[in-house]
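The values are calculated or read from the model by the stated rules, or taken from the named source; none is laboratory data. Not measured: the values here are computed from a predicted model. Here the Cβ is made from the backbone with ideal geometry for all residues, glycine too, and neighbour counts use every protein chain on show.
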Amino acid sequence: MANLLPTHRFRAVIFDLGGVVLESPLPAIIDFEAKAGLPRWFIRQLVIEGGDDGPWARLERGELDAGAFAAAFLRQATAAGHPVDGAALLRCISAAAVIRETMVSAIRGLRVAGLHVAALTNIWDMPERPWLAETLRGEFDCFVESWRVGMRKPEHRIYELTCRELDVAPADAIFLDDFGNNLKAARAVGMTTIKVTDAAPAIAELERLLGVPLGD
């Protein structure tokens, strides 16, 4: 692999998937809430209130499969005042997973330039859509899925695991995510972070930090 990088301290870039390499699921969740007659941000409220031991966190750590999650999430939502079809919610989020080709192009540019790249995603087993992970897996040197490793962002140990897989120190890595809590945890273990809303500004910030052109 050619190494086109100027001398600097970064050796790796770690990408969240949903909202970074993939389009954000938030518009689909808002649409789901509207169609189901739920209050706006009700799903987010359930996820936050569930905390580390709630159905959502347990799904992402692989402690619940989709069926068990749907039952547990329905109980939680009903107790909060509005029943939610958890299985339909997961299908909605899965269907919204559209690849951002500009991000994939940037990832390829990073690898050509000699940087290690990893995916670090909070995700559950999706046997109905196996193509998604398999399509993206080959773009990365390391592909960490929360449900496979039994831990999730923002747990510090999942960031540390990803760095060990890449054989880099956290201080040598840049991490991109669309959620503030995940970025805060990454900074706590020593990473430099980029908050992603749209792909173009995030790629521009990567170019600034690395001194490597990543556009088409």
Out of all the residues in the stretch 95-126, which are under 17 Å from the mean Cα position of the chain (by Cα) and among the hydroxyl-bearing types (Ser, Thr, Tyr)?
-> 102, 121
Expected single match for small (Gly, Ala, Ser) and assigned by TED's automatic domain parsing to the domain that holds residue 197 among 67, 54, 18 is 18
Candidates 119, 77, filtered to the one that is closer than 30 Å to residue 215 by Cβ, at pLDDT 95 or above, out of contact with any Gly (no Cβ under 7 Å at 6 or more places or on another chain) and buried (at least 19 other Cβ atoms within 10 Å of the Cβ) | 119
Conditions (1) in contact (Cβ under 8 Å) with a residue 60 or more places away in the chain; (2) part of a helix (DSSP H, G or I); number of the one not met by residue 73 | (1)
Given the conditions (1) at pLDDT below 95; (2) within 21 Å of residue 155 (Cβ to Cβ), which single one is not true for residue 63?
-> (1)
Where a residue in the stretch 39-53 is of a type in the set (Phe, Trp, Tyr) and its partner, wherever it lies, is modelled with pLDDT of 95 or more, with Cβ under 7 Å and at least six apart | 42/33; 42/82
Among the residues of the stretch 118-139, is any among the basic types (Lys, Arg) and without any contact (Cβ under 8 Å) to a residue 24 or more places away in the chain?
-> yes
Filter result (free of Cβ contacts under 8 Å to residues at least 40 places away in the same chain, assigned to a loop (DSSP other than H, G, I, E, B) and either touching a His at 6+ places or on another chain (Cβ under 8 Å) or within 21 Å of residue 142 (Cβ to Cβ) (or both)) within the stretch 168-216 = 169, 189, 190
Scanning the stretch 10-55 residue by residue, the ones that are of a type in the set (D, E, K, R) and not in a loop (DSSP other than H, G, I, E, B) total 7
Look at residue 84 and say whether it is of a type in the set (Val, Ile, Thr), part of a loop (DSSP other than H, G, I, E, B) and under 16 Å from residue 47 (Cβ atoms).
-> yes
